[in-house]
Each structure stands twice: as C-alpha cells, then as structure tokens.
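Data first, discussion second: the structure below is written as structure tokens.
The values are calculated or read from the model by the stated rules, or taken from the named source; none is laboratory data. Here the structure is a predicted model, which is why all the values come from computation and not from measurement. FYI the Cβ positions are ideal-geometry reconstructions off the backbone, even for glycines, and counts take in every protein chain you see. Just the protein is used for accessible areas: all its heavy atoms, side chains included, with ligands, DNA and RNA removed. Shrake-Rupley method; radii C 1.70, N 1.55, O 1.52, S 1.80 Å.
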Amino acid sequence: FDLSYADGTRLLGFNGEDVVTLGNFHGKAPFGLVYEQQLARLQRRGRHSRVRAAQARAGGEAAAAAAAVGADGFDKRGLEHRGLGQAVQFFSTDDTAELQLGGYDPHTCTEEMLYTPSLSNTDFIVGVTSVKYGETAGGAQELLRFNQPTGGEYLPAIMDSGTSCLVIPGDNLAGRLSNSPFDDFTAAWSRKKAFFITIADKQYTIPFSSWYLSRTNQTCVQPAPVGMQGLLIGDVFFRSYLVEFDMGSELRPVIGISPLSAAYRPVQESRLS
C-alpha cells in the first residue's frame, strides 16, 4: 500500500494479519507492515500512537492496512459468551490513554453516552453540520459556510484516534462552501478560542488546551489535502470525550460520544470490570 495522510505523512508497506489474544478473547487483526515512511509534522504528545490506515486500498486490493483494535477481526462468539458488547471505547490525556472493551465505564463520563450511526459501513464517519471557532459558542464564527444552504448540509468527518490533529478543509471544496475554513481559522487565531463542532444535532467543544500543543508551541489544526471532501477529527477531540466504536450491527458501525470526567484517572493495568 501507499498511504498519504492529511498532515503530509506518507507510508509505504504491505498488508499482514495476526491473531491477537487478550485474556479469553481472540480475533484476527489485519495490520500494515511499513517499510518506508516520509514524515511531515507528526504530533504525538509524547506517547506512542498507532499507525492507522482505515480501509486502505492499493489498486484493486481491498484490505485494512492497519488496525489498532482489529475491528473487522473480533471473534464475536468470544464476546457474546462473556456477555460483552462488540464495542471499544477510547480516550487520551497528555501522557497516556485508555482502551475499554465490551462496554464503557460510566465513571469515565459526566453524561449519558449519545449514539449516532456511521455514514459508512466500513469506517467510523459522522456528519458534521457546523464547525464554529470563538471564545463562546454563542459568539463563535462559523467556519463551514455552505453555498445556498437548505438546512440539511453536512460534511463527513472521520473519527480517528490515530491522527493527532483536527483537519478541516483548506479550500472551498470546489464551490460547495463560500469560504476556506482553514484560512478563516488562521485569520481569527487566538489563544482564548475554542472549536464548537456539531455532530448529530449535539455541539461538542474542543478547548484551546486540547488543540494547541503547549509543549512544542504548535497549533494542532491542519488544512485537509486537496481532494479531501470532509474533516478528520483526531486526538484533540479524544482528550475531552470518551468515544465508543460499536461494531455490533451487521449494517454499519455506531459511534457514541460522552464528555470525559475530569475526576477519572486512566487505569494503570488491564482489568476486567
């Protein structure tokens, strides 16, 4: 495979497959073997991150080149036997992260988990109807200004914990927008401002402390590459929200989102609750 990421990184490699065992669970896990990498501005917040190529395709060959949780390879019988759902939940902090299997720990969140079906049957994609940028939600500037809006417009956004930053359109998407969201963001840049993203009629906040990397003094917001017709919501979102990737439906995945509890501390070792 030959993969190009939104931050300019390029990976060359080939597909592999392994059987992963975690306690009494096991499943086939496709992964990508990378033999060459061309890095751009890769931000990882001081912790190891996975290389992810969601549903990558090299020519006519279909395969997920890399998968952190083996979403397509979980042994459903093993999960059902233990009474666990076919879902994984993920969130991150400055220096660690936590992966929950089978169902989420309610102590992790401050609100009930809200769910929305994926727009794709192969990946975790949500519809974003608004991206605002400002000090408050009420006074924020709209970055997605659709041409001739009718009220049902949205852009697809990939929920990807393996990408560090928030990636937004760097142009007007061939006239679909009346503006360039990234250019408007750059012009309005401020340390006091946050992003307010609307997914399935619910607004979520990405505070300045999440999208600005204080350790390296860098902004973790990037323009999408030419040809990309949507957004990519990366690690900056997972620092404020627990995100559930539910693979229980035969039709398409379901995504759940709930605000993280500031009082919750990631576990230090694997455990069954």
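What are the residues in region 8-31 that are over 30 Å from Val226 (Cβ atoms), open to solvent by 30 Å² or more (accessible area, probe 1.4 Å) and part of a strand (DSSP E or B), if any?
Step one: of region 8-31, the residues over 30 Å from Val226 (Cβ atoms) are 16-29.
Subsequent filtering for residues that are open to solvent by 30 Å² or more (accessible area, probe 1.4 Å) retains 17-26, 28.
Listed by number, the residues that qualify are Glu17, Asp18, Val19, Val20, Thr21, Leu22, Phe25, His26, Lys28.
Looking only at region 220-245, count how many residues are open to solvent by 40 Å² or more (accessible area, probe 1.4 Å) and in contact (Cβ under 8 Å) with a residue 24 or more places away in the chain. Looking only at that region, the number is 6.
Residues in region 180-192 that are hydroxyl-bearing (Ser, Thr, Tyr) and either surrounded by fewer than 19 Cβ atoms within 10 Å (Cβ to Cβ) or in contact with a Phe, Trp or Tyr (Cβ under 6 Å, 6 or more places away or on another chain) (or both): Thr186, Ser190.
Residues of region 207-224 that are touching a strand residue (DSSP E or B) at 6+ places or on another chain (Cβ under 7 Å) and either under 22 Å from Val88 (Cα atoms) or assigned to a loop (DSSP other than H, G, I, E, B) (or both): Pro207, Cys220, Ala224.
To keep it simple, each residue is scored yes or no on (1) in contact with a helix residue (DSSP H, G or I) (Cβ under 8 Å, 6 or more places away or on another chain); (2) free of Cβ contacts under 8 Å to residues at least 40 places away in the same chain; (3) closer than 30 Å to Val88 by Cα; (4) of a type in the set (Ser, Thr, Tyr).
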residue: Thr116; (1), (2), (3), (4): no, no, yes, yes
residue: Phe124; (1), (2), (3), (4): no, no, yes, no
residue: Gly127; (1), (2), (3), (4): no, no, yes, no
residue: Lys132; (1), (2), (3), (4): no, no, yes, no
residue: Glu142; (1), (2), (3), (4): no, yes, no, no
residue: Phe146; (1), (2), (3), (4): no, yes, no, no
residue: Glu153; (1), (2), (3), (4): no, yes, yes, no
residue: Cys165; (1), (2), (3), (4): yes, no, yes, no
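Taken as a whole, the condition of being under 16 Å from the mean Cα position of the chain (by Cα) and surrounded by fewer than 20 Cβ atoms within 10 Å (Cβ to Cβ) does not apply to Asp95.
Would you mention how many residues in region 164-179 are open to solvent by less than 20 Å² (accessible area, probe 1.4 Å) and in a loop (DSSP other than H, G, I, E, B)? Explain how you work it out, then say what you get.
Of the residues in region 164-179, the ones open to solvent by less than 20 Å² (accessible area, probe 1.4 Å) are 164-169, 173, 177, 179.
Checking the rest, the ones that are also in a loop (DSSP other than H, G, I, E, B) come to 164-165, 169, 173, 179.
Selection size over region 164-179: 5.
Can you tell me which residue among Phe74, Phe90, Phe124 is at pLDDT below 50 and aromatic (Phe, Trp, Tyr)?
On the way: Phe90 fails: at pLDDT below 50; Phe124 fails: at pLDDT below 50.
Just a single option satisfies the conditions, and that option is Phe74.
If you go through region 106-128 and keep only what is closer than 18 Å to Tyr241 by Cβ and open to solvent by less than 60 Å² (accessible area, probe 1.4 Å), you end up with Thr108, Cys109, Met113, Thr116, Ser118, Phe124, Ile125, Val126, Gly127, Val128. Taking region 249-261 as the range and being open to solvent by 40 Å² or more (accessible area, probe 1.4 Å) and small (Gly, Ala, Ser) as the test, only Ser249 passes.
I'd like to know if region 193-201 contains one or more residues that are in a helix (DSSP H, G or I), open to solvent by less than 40 Å² (accessible area, probe 1.4 Å) and not small (Gly, Ala, Ser). No, region 193-201 contains no residue that is in a helix (DSSP H, G or I), open to solvent by less than 40 Å² (accessible area, probe 1.4 Å) and not small (Gly, Ala, Ser).
Do the conditions hold for Phe195, that is, is it of a type in the set (Phe, Trp, Tyr), closer than 22 Å to Val243 by Cβ and in contact with a helix residue (DSSP H, G or I) (Cβ under 7 Å, 6 or more places away or on another chain)? When the stated conditions are applied, Phe195 passes them. Filter region 134-157 down to the residues that are within 29 Å of Thr216 (Cβ to Cβ), surrounded by 16 or more Cβ atoms within 10 Å (Cβ to Cβ) and in contact with a Ser or Thr (Cβ under 9 Å, 6 or more places away or on another chain) and list them by number. If the condition is that a residue be within 29 Å of Thr216 (Cβ to Cβ), surrounded by 16 or more Cβ atoms within 10 Å (Cβ to Cβ) and in contact with a Ser or Thr (Cβ under 9 Å, 6 or more places away or on another chain), then Gly134, Leu143, Leu144, Leu155 are the ones that fit.
What residue, among those in region 204-218 that are in contact with a helix residue (DSSP H, G or I) (Cβ under 6 Å, 6 or more places away or on another chain) and not aliphatic (A, V, I, L, M), is surrounded by the fewest Cβ atoms within 10 Å (Cβ to Cβ)?
Here is the first cut: in region 204-218, the ones in contact with a helix residue (DSSP H, G or I) (Cβ under 6 Å, 6 or more places away or on another chain) are 206, 210-211.
From what is left, the residues that are not aliphatic (A, V, I, L, M) are 210-211.
Working: Ser210: 21, Trp211: 23.
Here the residue is Ser210.
Residues of region 181-192 that are in a loop (DSSP other than H, G, I, E, B) and either in contact (Cβ under 8 Å) with a residue 40 or more places away in the chain or closer than 29 Å to Thr122 by Cα (or both): Ala188, Ser190, Lys192.
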